[in-house]
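First comes the structure, then the notes that go with it.
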Amino acid sequence: MGTSVQVTPLCGVYNENPLSYLVSIDGFNFLIDCGWNDLFDPSLLQPLSRVASTVDAVLLSHSDTLHLGALPYAMKQFGLSAPFYSTEPVHRLGLLTMYDHYLSRKQVSDFDLFSLDDIDAAFQSITRLTYSQNYHLSGKGEGIVIAPHVAGHLLGGTVWKITKDGEDVIYAVDFNRRKEKHLNGTVLESFVRPAVLITDAYNALNNQPPKPQRERDRDFVEIISKTLEGGGNVLLPVDTAGRVLELLLVLEENWSLKSLNFPIYFVTYVSASTLDYVKSFLEWMSDAIAKSFETSRDNAFLLKNIKLLTSKSELDSVPDGPKVILASMASLEAGFSHDIFVEWAADVKNLVLFTERGQFGTLARMLQADPPPKAVKVTMSRRVPLTGEELIAYEEEQNRLKKEEALKASLIKEEESKASLANDVNSSDPMVIDTHNKHPSLDGLGQHGSRFRDVLIDGFVPPSSSVAPMFPFYDNTSDWDDFGEVINPDDYVIKDEDMDQGAMRTGGDMDGKLDEGSASLILDTTPSKVISNELTVQVKSSLVYMDYEGRSDGRSVKSILAHVAPLKLVLVHGSAEATEHLKQHCLKHVCPHVYAPQIEETIDVTSDLCAYKVQLSEKLMSNVLFKKLGDYEIAWVDAEVGKTENDMLSLLPISTPAPPHKSVVVGDLKMADFKQFLASKGVKVEFAAGALRCGEYVTLRKVGVASQKGGGSGTQQIIIEGPLCEDYYKIREYLYSQFYLL
């Protein structure tokens, strides 16, 4: 039978809640994504809490909270300790996203679900992979290979491919088929006939074809400039380090082309750090950005028209007048965007421009309703220093806690010293006078010797169990060789996690990854409290939604699924209506096995393929002749199936003479490589009209369908055209030399 595969949704099915799924492959449990929403509702994580201890590995697909927001909390509260895997941008930008969320909430509440230390601990244990890198698991996961591929939604966003015994399990959510300014499109279509495909139905009902990129960008800039010219301000609620990158490039490019003078501000607690990291991730971006940097050393994210702000004081000092502010969070639940919205919403000249659908239950989602509300209730909170009696009471409480801690420490120290003293006495410390043994040497001292009897000690060589006789001195027994003291190089190596720790704490460049404003918030130990009051905000400003989500629309999703044609399909993350719609469509047009499980419902999607593991016996292999072909060694084997002593299937030498078989030509010839080979042999070659012209008379051309990436195979032939002459036979001989005939 095929590889055993079970899928259990923990969150994010039949709704738009965060994504989190347990995928078991031959008993090895993958947790794919560990998301949370901007409301940080612990009840959403109850299913995860019940299985966290059984997780063997965690795969992260995107850097936003919907895909990794629960990671610090799950490690702290549920004991999630499995190794994590992601791409480098997902690791770095995900870390900054969590910093931004924590700092945003800490300023307006006594947020205690996780701390900065919890975030650091979670992200330090991530193994970073590059696109298309095959990573072989070991131990319990022996035989399983994981590989990240381009998703096209966020920078570093991943389509995960998990392979076991030749069968592929593909996890592809939030992918984008279209190329954008800073990202290439997904490579999902390169996979053909995987055993299992897990994908989302989030956009299944969005059948409106997207506008061409130029037209969309033109409309986007036009509505912003019209508001600014009318004397209004523009607020774009954005995420910390995800889709905001595309918006920054659109604004930067158009401000430069049109020479607009209105100021643009990007405001998060980690905005400067975000841009510093993004500047170093050009190889993860679109081909156009990478090519521009290679040819002219032009970094697309050296922004000249956009100013970065990282604190409330900087924001308050911004001059009056029309301006554009991109501020986190996109949900308007917290952060700078929340406060700016409350301040600007009552002015009819202002514009709030949404570029993605708000999370369910958030203020942004309420404002995107049709028709939008005329007034909304919001909670305004701020942190103020303690004064007067409150400050006195706080200091008294802190002093009391310090005294209790000091008392506990002294008691612990006293107990340790008593235990140490008892050990010293019991271990015959050489500094303790031995008054029980009578020494012959003392007897010989006579009258004078008796005076020194009470000060002589029993030897100076300490037994192995003895504690060092002097207080904090410990003998450092270093290893020595012929050249001196042996040096351990590991003592002088700065570990990556230590560098990350230091880098993420202070400063605003690549050497320090917390902006000055954010660092001041962390280091500020002034006693304070949070005061809150509810307001009713009259919404008179314009509210506009433009799709910059970076997800494929419903028509593209259906087209991609039909092309990939998985043997079994699992649908997750989408409204109940969207999930059912896509399920019925796929049953008719994609594959007969389509599943849409409920929360904590385990479905078995084990492949129906009859695949068996067999051993190659030593008798068989001793008679096989291999030939090296590129990076591989190949051979033709005639064998019969038998069993070993352990009842394992094994291939054994056949007992009868091997039957004849048709010759098989093995190899994949690239015409460009063959052109270079012929040139090295002195043959004049050139490409003409899609064919390779060899000398004066012979032409080579490829016909047929090329092989597909990801497992699909095609049939191609190489045709030699020309008269039967010396050049013809010579070229044919060179061609045959590029293949192996079995």
message: Cut-off under 20 Å on the C-alpha distance; same-chain residues fewer than 8 positions from Lys140 excluded. Which aspartates and glutamates are left, in chain and number order?
response: Asp26, Asp56, Asp165, Glu167, Asp168
Relative contact order (percent, whole number), the range 171-322, Cα cutoff 8 Å, 6+ residue spacing: 30 percent
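Please give the per residue volume of the convex hull enclosing the alpha carbon atoms of the chain, rounded to a whole number of Å³. Kindly include the intermediate steps, with their values, before the conclusion.
Details: hull volume 229.8 nm³, N = 742.
Per residue, the Cα convex hull of the chain comes to 310 Å³.
How high is the relative contact order of the chain, in percent, with contacts defined as C-alpha pairs under 8 Å that are six or more residues apart?
17 percent
Suppose R0 equals 35 Å. What FRET efficiency, 1/(1 + (r/R0)^6) with r the Cβ-Cβ distance, do Ser575 and Lys349 give to the nearest 0.05?
Numbers: r = 35 Å, r/R0 = 1.01.
Working from the Cβ atoms, E equals 0.50.
Pull up the DSSP beta bridges for the range 143-209 and report the antiparallel fraction as a percent, rounded to 5. Don't skip to the answer; put the middle values down first.
Working: 12 of 16 bridges.
Roughly 75 percent of the beta bridges in the range 143-209 run antiparallel, per DSSP.
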- request: Of the DSSP beta bridges with both residues in the chain, give the percent that are antiparallel, rounding to the nearest 5.
  value: 60 percent
message: Can you compute the label reach from Gln213? Point 7 Å from Cα along the Cβ direction, backbone N cut-off under 17 Å, restricted to the range 134-151.
response: 150-151
- prompt: How high is the relative contact order of the range 1-71, in percent, counting Cα pairs under 8 Å that sit 6 or more residues apart?
  reply: 31 percent
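For Lys140 and Val666, FRET efficiency with R0 = 45 Å and r from the beta-carbon atoms, rounded to 0.05? Let's see the in-between values first.
Numbers: r = 35 Å, r/R0 = 0.79.
Efficiency at R0 = 45 Å is approximately 0.80.
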- request: Mind jotting down the distance between the C-alpha centroids of the range 555-612 and the range 231-287, whole Å?
  value: 37 Å
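Taking 0.36 nm per residue of sequence separation and subtracting the Cα-Cα distance, how much length would be gained by fully extending the chain between Lys540 and Glu416, in nm to one decimal? Present the calculation step by step, with values, prior to reporting the outcome.
Working: separation 124, 0.36 × 124 = 44.64 nm, distance 6.89 nm.
Gain in length upon complete extension: 37.8 nm.
Using a Förster radius of 51 Å, what is the FRET efficiency between Ala562 and Leu407 based on their Cβ-Cβ separation? Nearest 0.05, please. Display every interim value, and only then the final one.
Details: r = 72 Å, r/R0 = 1.41.
Rounded to the nearest 0.05, the efficiency is 0.10.
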field: Long pairs among Lys211/Lys558; Lys702/Lys730; Lys627/Lys662; Lys613/Lys670; Lys76/Lys106; Lys106/Lys374, criterion Cα-Cα beyond 25 Å
entry: Lys613/Lys670; Lys106/Lys374
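Expressed as a whole percentage, what fraction of the accessible surface of the chain belongs to carbon and sulfur atoms when a 1.4 Å probe is rolled over the protein heavy atoms? Please report the intermediate quantities before stating the final value.
Values: 20530 of 39270 Å².
Carbon and sulfur atoms account for 52 percent of the accessible area of the chain.
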message: How much length would be gained if the chain were fully extended between Asp110 and Ser528, taking 0.36 nm per residue of separation minus their Cα-Cα distance, in nm to one decimal?
response: 149.4 nm
message: Quick check: pseudo-label points 7 Å beyond the Cα along Cα→Cβ at Asp608 and Ser43, how many nm apart are they?
response: 4.1 nm
field: Where only alpha carbons of the range 527-618 are counted, the Rg and the Dmax (Å)
entry: 23.6, 82
task: Name the aspartates and glutamates eligible as straight-distance cross-link partners of Lys403: C-alpha to C-alpha under 14 Å, and not fewer than 8 places from it in the same chain.
output: Glu395
field: Cross-link partners of Lys377 among lysines (Cα-Cα below 17 Å; sequence separation of 8 or more within a chain)
entry: Lys540
query: Hey, rough spin-label estimate for Leu302 and Val703, points 7 angstrom out along Cα→Cβ, what's it come to in nanometres?
result: 5.3 nm
task: Using label points projected 7 Å from each Cα along Cα→Cβ, tell me how many nm separate Thr295 and Lys628, to one decimal.
output: 4.0 nm
statement: For the range 523-627, listing GluC sites (Glu not before Pro) in a DSSP loop whose Cβ sees at most 14 other Cβ atoms within 10 Å gives Glu601
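The values are calculated or read from the model by the stated rules, or taken from the named source; none is laboratory data. As the structure is a prediction and not an experimental result, all values here were calculated from the model. Cβ: placed from backbone, ideal geometry, glycine included. Neighbour counts: every protein chain shown. Remember, those area values only see protein heavy atoms, side chains included, never the ligands or the DNA or RNA. Shrake-Rupley method; radii C 1.70, N 1.55, O 1.52, S 1.80 Å.
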